[in-house]
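*Asks:* Next up is a structure, given as structure tokens.
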Amino acid sequence: MTLVDLERLFDTDEKCRELLVRLRWPNGVECTRCHGMATELETEKQLFYCKDCNYQFSVTAGTIFNDSHLPLRTWFTVTLLLCEARKGISANQIKRTLGVSYKTAWYLCHRIRAAMKEADRPMLNGTVEVDETFVGGKKIGYGVKAAKAEKEVVIGIRQRGGDLRLFHAQDVTSGTLAKYIKENISADVDVIVTDELPAYPKAMIGAGIHGSKHETIRHKDRVYVQGNVHTNTVESAFSLLKRGIVGTWHRISAKHLAAYLDEMQFRFNRRKRADLFLDTLRHMVTAPVLTFEKLTA
Ligand SMILES: [Zn+2]
């Protein structure tokens, strides 16, 4: 899907709405209150009516689109821009491209991002790399320790040839690492590769992973690849993330970091899929409401 395709296929809000209806209710329109079958009103094409409970609703009610006064075509355009931007796109860029206010652009991006949160996360298997990185903060150049103290921790877990997971973590203690390993990696994993951070061996024990399944790469000795023992695939995802933070979002607040990580992960895991745009819209029309108050609380 390109912007040109979008202009051609979805040139009216009615066409956008028809697509959302098919994505939200692939088996026919269902009442959002009682789940009975509903029909479109003859008089008001934008509304559906449920005979069983006498309820009227629209396709966007109770979703990420809820209460938006923007045309659906604008939503579709921003969604496509967000899908296509491998390193992310800033609210300022959306503001300039679409000629909307910064606040509108910011809220729009955050709502689409919220829908990009992945609900089901199957356990990772095979060869899995776990790595940690530090983002944000201002104190670069005051020594590694001072810099790290000011920064936010991101834990990356990636199955080789498979999915990526990114988390905004509290710290990199063995307890924290164990929690993320246990929640995301199958106990039947073949091997987990990490760097030489001393917290990892204890984290493996905490996560119930046998020590023989843990391989360590010693970056300190400038060894980055030792046969199959490397963390290069998770590091390539980190570098994309960092370029996104530096180049696109500039400084993102700690509060919204998890949401940006969700966006990055969602797009990364679907980068080879032709239906990325449709899948994003499907998530948007099934994700719950995100109010401005909640976002800025
Ligand atoms: Zn009903």
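The values are calculated or read from the model by the stated rules, or taken from the named source; none is laboratory data. Worth saying up front: this structure is predicted, and the values here are computed from it rather than measured. Positions of Cβ are backbone-derived with ideal geometry, glycine not excepted, and every protein chain shown enters the neighbour counts. Note: accessible area is taken over every heavy atom of the protein model, side chains too, but ligands, DNA and RNA are not part of it. Shrake-Rupley method; radii C 1.70, N 1.55, O 1.52, S 1.80 Å.
*Asks:* For labels at Leu197 and Thr291 in the simple 7 Å Cα→Cβ model, what's the distance in nm?
*Replies:* Between Leu197 and Thr291, the simple spin-label model gives 3.7 nm.
*Asks:* Quick one: if you stick a label point 7 Å off each Cα along the C-beta vector at Cys53 and Ala187, how many nm between them?
*Replies:* That separation, rounded to one decimal, is 4.1 nm.
*Asks:* Still on this structure: All other residues with a Cβ under 14 Å from the Cβ of Val59 taken together, and with Lys, Arg as +1 and Asp, Glu as -1, what is their net charge?
*Replies:* Charge balance in the 14 Å sphere: -1.
*Asks:* Taking the Cα atoms only, what angle lies between the long axis of helix 254-269 and the longest principal axis of the chain, rounded to 10 degrees?
*Replies:* 80
*Asks:* Quote the relative contact order of segment 176-241 in percent (integer), defining contacts as alpha-carbon pairs under 8 Å separated by 6+ residues.
*Replies:* 31
*Asks:* Once you have the Cα-Cα distance between Glu44 and Arg273, take 0.36 nm times their residue separation minus that, and quote the gain in nm to one decimal.
*Replies:* That pair, Glu44 and Arg273, stretches by 78.8 nm at full extension.
*Asks:* Shifting gears a bit: Kindly work out what percent of the DSSP beta bridges joining two residues of the chain are antiparallel, to the nearest 5.
*Replies:* 70
*Asks:* Related question: On the protein heavy atoms, probe 1.4 angstrom, tell me the percent of accessible surface of segment 22-135 carried by carbon and sulfur.
*Replies:* Values: 2710 of 5900 Å².
Ligands and nucleic acids excluded, carbon and sulfur give 46 percent.
*Asks:* In segment 249-297, which trypsin sites (Lys or Arg not before Pro) fall in coil by DSSP and have 15 or fewer other Cβ atoms within 10 Å?
*Replies:* Arg251, Arg271, Lys272, Arg273
*Asks:* A further question on this structure: Return one whole number: the accessible area per residue of segment 43-136 in Å², for a 1.4 Å probe.
*Replies:* 47
*Asks:* By the scheme Lys and Arg +1, Asp and Glu -1, what is the net charge of all other residues having a beta-carbon under 14 Å from that of Ile192?
*Replies:* Every neighbour counted, the sum reads -3.
*Asks:* Same structure again: Go through 191-204, 19-32 and give me the packing order, highest mean Cβ count within 10 Å leading.
*Replies:* 191-204, 19-32
*Asks:* Is segment 50-204 rounded, prolate or oblate when judged by the Cα gyration tensor, a ≥ b ≥ c being the square roots of its eigenvalues, rounded requiring a/c under 1.5 and prolate requiring a/b larger than b/c? Let's see the in-between values first.
*Replies:* Details: a/c = 2.72, a/b = 1.58, b/c = 1.72.
Oblate is the answer for segment 50-204, as a/c is 1.5 or above yet b/c matches or exceeds a/b.
*Asks:* Report relative contact order for the chain in percent, whole number only (criteria: Cα-Cα under 8 Å, sequence separation at least 6).
*Replies:* 22
*Asks:* What's the angle, to the nearest 10 degrees (0 to 90), between helix 232-244's Cα axis and the longest principal axis of the chain?
*Replies:* Relative to the chain, helix 232-244 is tipped by roughly 60 degrees.
*Asks:* Given charges of +1 on the Cβ of Lys and Arg and -1 on the Cβ of Asp and Glu, with all other atoms neutral, how large is the dipole of the chain about its Cα centre, in debye to the nearest 20?
*Replies:* 980
*Asks:* Normalising by the residue count of segment 1-154, find the relative contact order in percent from Cα pairs under 8 Å and 6+ residues apart.
*Replies:* 14
*Asks:* Could you point to the residue in Leu80, Gln56, Cys34 farthest towards the positive end of segment 1-99's charge dipole, with +1 and -1 charges on the Cβ of Lys/Arg and Asp/Glu respectively?
*Replies:* Farthest along the dipole direction, towards plus: Leu80.
*Asks:* Sticking with this structure for a sec: What angle, in degrees between 0 and 90 and rounded to the nearest 10, separates the Cα long axis of helix 102-115 from the longest principal axis of the Cα atoms of the chain?
*Replies:* On a 0 to 90 degree scale, this one is about 70.
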